[in-house]
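FYI, it's all coordinate maths here, none of it is from the lab. As the structure is a computational prediction, the values presented were derived from the model and not from experiment. Here the Cβ positions follow ideal geometry from the backbone for every residue, glycine too, while neighbour counts run over all protein chains shown.
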Amino acid sequence: MKILIVEDEPGIYNFLKQGLEEEFYDIDIADEGLKGLKLALTGDYDLLLLDWMIPNLSGIEVCLQFRKEFKHTPIIFLTAKDTVNETIIGLQSGANDYIKKPFNFDELLERIKVQLRPKSKEHVIFKLGEITLDISTYQVFKSNEEINLTQKEFALLEFLIRNKGTVCHRTHIIESVWDIHFEYNTGVIDVYINALRKKLKLGENENYIQTIRGVGYIAKEL
């Protein structure tokens, strides 16, 4: 497995390189954003470890530009940016996970393994009213119009539709979609729900994703 580390602090990227190579990962390093983006777009990587505050091009810009070409390569932010709002921005830019510095290497290693697990090859199509979600092609349509979603938006919609008709508690959503199994501000869910509703152009009579106040959300046929 090939991992690109985009990080400008030698102490951190050398520590990561040594630790990950001991786990038999093939590691490349970029110490600034432009070099990181160039390598990411040409290096056929299985995963990116990305710092936010790097020279020349921020980690957010690297993530956004990389996602235009590579929709499904996992990206993990590893950054000192530690507010809830910054976490939301990082995830909305297309990252799969967000780890705050200082970090525990063993935890990082497990999160990497989660992102690199083989994906299911099932060919399953889910429907929710006029919304169609195709697992095999990562495509979403509404009334035959394709809707472009980020990976996390797709995963959230998939989770809700798979559990159609059942109230999905916020803690269950954050554990299943974000793979976070500790106390965490679940406000990020609301941001993604609002983004989904906007992208799906849900009208007044298309309340497919309903809020259960104080509990969570439910996907329902009308």
Output the antiparallel fraction of DSSP beta bridges having both residues in the chain, as a percent to the nearest 5. 50
What percent do you get for the relative contact order of the stretch 1-158 when only Cα pairs under 8 Å and 6+ apart count? 16
Paramagnetic reach from residue 198 in the stretch 78-104 [backbone N under 13 Å; point 7 Å along Cα→Cβ]: 89, 92-93
Summed over the other residues with a beta carbon less than 12 angstrom from that of residue 37, with K and R at +1 and D and E at -1, the charge totals +1
What order do you get for 214-222, 197-205 when each peptide is scored by the mean count of other beta carbon atoms within 10 Å, highest first? 214-222, 197-205
Row for the stretch 54-117, column shape: gyration tensor on C-alpha, a ≥ b ≥ c, rounded if a/c < 1.5 i.e. under 1.5, prolate if a/b over b/c, else oblate; value oblate
Loop only by DSSP, 13 or fewer other Cβ within 10 Å of the Cβ. Give me the GluC sites (Glu not before Pro) in the stretch 117-178 that pass, ordered by residue number. 122
If r is the Cβ-Cβ distance from residue 134 to residue 18 and R0 is 30 Å, what FRET efficiency results, to the nearest 0.05? 0.15
If each of residue 127 and residue 42 carries a label point 7 Å out from its Cα toward its Cβ, how far apart are those two points in nm? 4.7
Along the stretch 54-62, Karplus-curve 3J(HN,Hα) (6.51, -1.76, 1.60; θ = phi - 60°) to the nearest Hz, with x for Gly and Pro, reads 10, x, 6, 8, 5, x, 4, 5, 4
Would you mind checking the tilt of helix 187-199 against the longest principal axis of the Cα atoms of the chain, expressed as 0 to 90 degrees and rounded to 10? 60
At most 10 other Cβ within 10 Å, DSSP loop - trypsin sites (Lys or Arg not before Pro), the stretch 82-167: 119, 121
According to a simple spin-label model (label point 7 Å from Cα along Cα-to-Cβ), what is the distance in nm between residue 34 and residue 100? 3.3
How large is ³J(HN,Hα) for each residue in the stretch 152-159, as worked out from phi by the Karplus curve 6.51 cos²θ - 1.76 cosθ + 1.60 (θ = phi - 60°), to whole Hz, x for Gly and Pro? 6, 4, 4, 5, 5, 4, 4, 4
Please turn the phi angles of the stretch 23-33 into ³J(HN,Hα) values with the Karplus equation 6.51 cos²θ - 1.76 cosθ + 1.60 (θ = phi - 60°), one per residue in order, whole Hz, x for glycine and proline. 8, 6, 8, 8, 10, 10, 10, 10, 9, 7, x
